[in-house]
1. Could you tell me whether Glu242 is closer than 30 Å to Pro415 by Cβ, modelled with pLDDT of 95 or more, touching a strand residue (DSSP E or B) at 6+ places or on another chain (Cβ under 8 Å) and away from ligand 3 (no atom under 16 Å from the Cβ)?
2. Here's a check for you: in the stretch 275-288, which residue that is open to solvent by less than 80 Å² (accessible area, probe 1.4 Å) and in a loop (DSSP other than H, G, I, E, B) is nearest to Arg167 (Cα to Cα)?
3. Can you tell me how many residues within the stretch 219-233 are at pLDDT 95 or above, under 16 Å from the mean Cα position of the chain (by Cα) and in a strand (DSSP E or B)?
4. How many residues are of a type in the set (A, V, I, L, M) and not in a helix (DSSP H, G or I) when one looks only at the stretch 309-341?
5. Just checking, how many residues over the stretch 109-136 are within 16 Å of ligand 1 (Cβ to nearest atom) and either touching a Pro at 6+ places or on another chain (Cβ under 8 Å) or more than 19 Å from Tyr203 (Cβ to Cβ) (or both)?
6. Give the stretch 87-108 a look and list any residue that's part of a strand (DSSP E or B) and more than 12 Å from ligand 1 (Cβ to nearest atom), or say none.
7. Looking at the stretch 108-142, which of its residues are touching a Leu at 6+ places or on another chain (Cβ under 6 Å), within 16 Å of ligand 3 (Cβ to nearest atom) and open to solvent by 10 Å² or more (accessible area, probe 1.4 Å)?
Amino acid sequence: MKLNIHTDRLLAELRHLARITDCAQNEDKSLLPPTQAVTRIVFTPRDLEARAWLKSLAKAAGFSVREDAVGNTFMRWEGSEPALGVVGTGSHTDAIPHAGMYDGTVGVLGGLEALRSLKEAGFAPKRSLELLMFTSEEPTRFGIGCLGSRLLGGVMDPQAADQLRDRLHETDPNVAEGLSLHEVREAAGFHGALGSVRLPPHYYSAWVELHIEQGPLLERDNVELGIVTNIAAPASYRYTVEGAGGHAGALLMPDRHDALCAAAELILSVERHALAANANAKAEGQGGVDTVATVGMVAVHPGAVNSVPSRVTLTLDIRDTDVARRDSVMDALHADIQEMERRRGVRVIEELINADQPAHSDPHIIAALEAACQEENATFRRMASRAYHDTNFIAPIAPVAMLFIPCRNGVSHRPDEYATPEAIVLGTRVLAQTLAKLAMA
Ligand code: GLV
Ligand code: MN
Ligand code: MN
């Protein structure tokens, strides 16, 4: 099918969305093209503004809009056989603090443009096509990523989800402390029981998410598109290290139980074991880069120049394509923590936030993506996703796959994240051709 992807429209919409940000002042004009730092945290006024604008675009394109109790937003193009399983595409529009303008948004606005281009080409789908904007792919506000998709896929207990606590007050003193997800979503206008969010079995016949790679491989190897075969399994933890505080001048060094020094050991232990896991994998002839572990947030109490830290909280994000290897890194970390607790006289409390399974793509959807790449003369390769995506949590209930476009220097979760217009348009075109095939299957 010959498709006309409106490059100007799509890029203008990406730029418009990028300007709905809580850090408008941070545009870096010294970079070419200038970057827009994006902070758009779920259920903040900026997030609600972005949602309203997106819904208006979908309605203008003739799609019906439905929102569920957590704010997942479905934009539907009814097929000629609406009782059949739906073909879905989409991604997220929320953004971590000081992010770029392409993570998630390319899959939402590219998905919208893909559907519009099919409509404008006169395509008449047999199966209904739906664009989905997920709530809170990013963990910033409630501490856990992919909140909306976990509930859709039945991967998270709805009652427990509703009791998740708002963590924004930890970084923004203007936010009230400790409201529940239930309270925050009600205030944002999303009502009803979270149990109703779960999709019925066989809701989707196929699911495809378009996303920037967020890594360097496509650009480095000069390949236009990536077809994702599997998504690495993420896990995350929160640690509280309890020591003893005191006067920075008067508390003698031999008498200290400094919580921050203990936390520093913990952080370096994480890094050491992740590196060792990769080295072992490499020695066994595997890639040797698939274990990644990050401590991205540390809060020190009481946080004064002249006070020995008595308590530290920190987060750990660890991912691997191999769950057993991820678990072995955690086992090694636990042994180090126990030894350190004894040696330093501190206490370490671990809270598991999530430990997920990897996702595997469906061979039929991979075949449809590859056929679409060939039709559009696009070069492509199969690859793993090391970032997690909402597709992880659609995978338990539907056949899934993902399509990646390159991003400059593999950079993501930074204001200088960048994908070329050509890559965005090609990804959108191949997505549209793939959705067309799946909608007639
Ligand atoms: C998604 O944003 C991730 O952290 O992989
Ligand atoms: Mn992200
Ligand atoms: Mn993303």
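The values are calculated or read from the model by the stated rules, or taken from the named source; none is laboratory data. What you see is a predicted model; the values in this text were computed from it and never measured. With ideal geometry, Cβ positions are generated from the backbone for all residues, glycine too; neighbour counts draw on all protein chains shown. Accessible surface areas use protein heavy atoms only, side chains included; no ligands, DNA or RNA. Shrake-Rupley method; radii C 1.70, N 1.55, O 1.52, S 1.80 Å.
1. Values: closer than 30 Å to Pro415 by Cβ: no; modelled with pLDDT of 95 or more: yes; touching a strand residue (DSSP E or B) at 6+ places or on another chain (Cβ under 8 Å): yes; away from ligand 3 (no atom under 16 Å from the Cβ): yes.
Against the criterion (closer than 30 Å to Pro415 by Cβ, modelled with pLDDT of 95 or more, touching a strand residue (DSSP E or B) at 6+ places or on another chain (Cβ under 8 Å) and away from ligand 3 (no atom under 16 Å from the Cβ)), Glu242 does not qualify.
2. Gly288
3. Filtering the stretch 219-233 for residues at pLDDT 95 or above gives 219-232.
Right, trim to under 16 Å from the mean Cα position of the chain (by Cα) and you get 228, 230-232.
Of the ones still in play, those that are also in a strand (DSSP E or B) are 228, 230-231.
Total satisfying the criteria: 3.
4. Quick first cut of the stretch 309-341, residues of a type in the set (A, V, I, L, M) only: 312, 314, 316, 318, 323-324, 329-330, 332-333, 335, 337, 340.
Add one more test, that the residue is not in a helix (DSSP H, G or I), and what stays is 312, 314, 316, 318.
Of the residues in that region, 4 qualify.
5. Pass one, the stretch 109-136, residues within 16 Å of ligand 1 (Cβ to nearest atom): 133-136.
Right, trim to either touching a Pro at 6+ places or on another chain (Cβ under 8 Å) or more than 19 Å from Tyr203 (Cβ to Cβ) (or both) and you get 136.
The total comes to 1.
6. Step one: of the stretch 87-108, the residues part of a strand (DSSP E or B) are 87-92, 95-99.
Within the stretch 87-108, Val87, Gly88, Thr89, Gly90, Pro97, His98 meet the criteria.
7. Residue satisfying the conditions is Arg141 alone.
The rows are residues; the columns are (1) of a type outside the set (A, V, I, L, M); (2) more than 16 Å from ligand 1 (Cβ to nearest atom); (3) crowded, with 19+ Cβ neighbours inside 10 Å; (4) not in a helix (DSSP H, G or I).
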site: Gly145; (1), (2), (3), (4): yes, no, yes, yes
site: Ser149; (1), (2), (3), (4): yes, no, yes, no
site: Met156; (1), (2), (3), (4): no, yes, yes, yes
site: Ala161; (1), (2), (3), (4): no, yes, yes, no
site: Asp172; (1), (2), (3), (4): yes, yes, no, yes
site: Glu186; (1), (2), (3), (4): yes, yes, no, no
